[in-house]
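Below you'll find the structure, written out as structure tokens, and then a few comments.
What follows is calculated from the coordinates using simple rules that are stated; it is not laboratory data. Keep in mind it's a predicted model, so treat the numbers as computed, not measured. Because the Cβ atoms are built from the backbone with ideal geometry, glycine has one as well, and the counts that use them run over all protein chains shown.
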Amino acid sequence: PSDKVVLDVEALGDAAALLSQRTTYRELPMAWVVQQVERVGGFRVVATKTFTMIITAASLRSQLIFARAEAEHVTDAELKRALLTRVQRLQVRLETFRPHHRGLSYAVMLERL
């Protein structure tokens, strides 16, 4: 159930951004970031670390704020209304959400050359 809520919130933000013809937020793979740093030059990768992400109701609420803001830019009134209704329904589901471990995040430490 927790995974479903997380996926629903993430999908709603992506859908609202796409339907409003605006840019969606994308995380970049660590390997790609390291490759770009090495390719561009001027920095050296000193260390990398991966860690488990902890998803909280607060972080999901932030994503719903983003989804609501993006939905406001949707020009089709019926579609906009449906997206905003979905935001409200997901907000209610977050009232009982407990912190959830899902996926990995990372940090890359750089040194200027």
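When Lys and Arg each count +1 and Asp and Glu each count -1, what net charge do the other residues less than 15 Å away from F43, Cβ to Cβ, add up to? Numbers along the way, then the final one.
On the way: positive: R39, R44, R112; negative: E38, E111.
Residues near F43 contribute +1 overall.
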In the chain, whole DSSP H helices that both stretch 18 Å or further along their axis by alpha carbon positions and average at least -0.5 on the Kyte-Doolittle scale are 2-19, 57-71, 77-93
Answer in debye to the nearest 20: the dipole magnitude of region 1-103 about its Cα centre, from +1 Lys/Arg and -1 Asp/Glu charges placed on Cβ, is 240
Each label sits 7 Å from Cα toward the beta-carbon; between M30 and V108 the label points are separated, in nm, by 1.1
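Apply the a/c threshold of 1.5 to the C-alpha gyration tensor of region 1-44 and tell me whether it is rounded, prolate or oblate. Could the numbers behind the result be given before it?
Numbers: a/c = 6.07, a/b = 1.97, b/c = 3.08.
It is oblate, given that a/c is not under 1.5 and a/b is not larger than b/c.
Name the shape class, rounded, prolate or oblate, that the alpha-carbon gyration tensor gives for region 29-94, where a ≥ b ≥ c are the square roots of its eigenvalues, rounded holds for a/c under 1.5, and otherwise prolate holds if a/b is larger than b/c and oblate otherwise. Working shown, then result.
Details: a/c = 5.07, a/b = 2.09, b/c = 2.43.
The shape class here is oblate.
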Under the helix-only model (-39500 (n - 2.57) for each DSSP H run of 4 or more, divided by the residues of the chain), the mean residue ellipticity at 222 nm, to 500 deg cm²/dmol, is -17500 deg cm²/dmol
Kirkwood-based Rg/Rh on the Cα set of the chain evaluates to 1.10
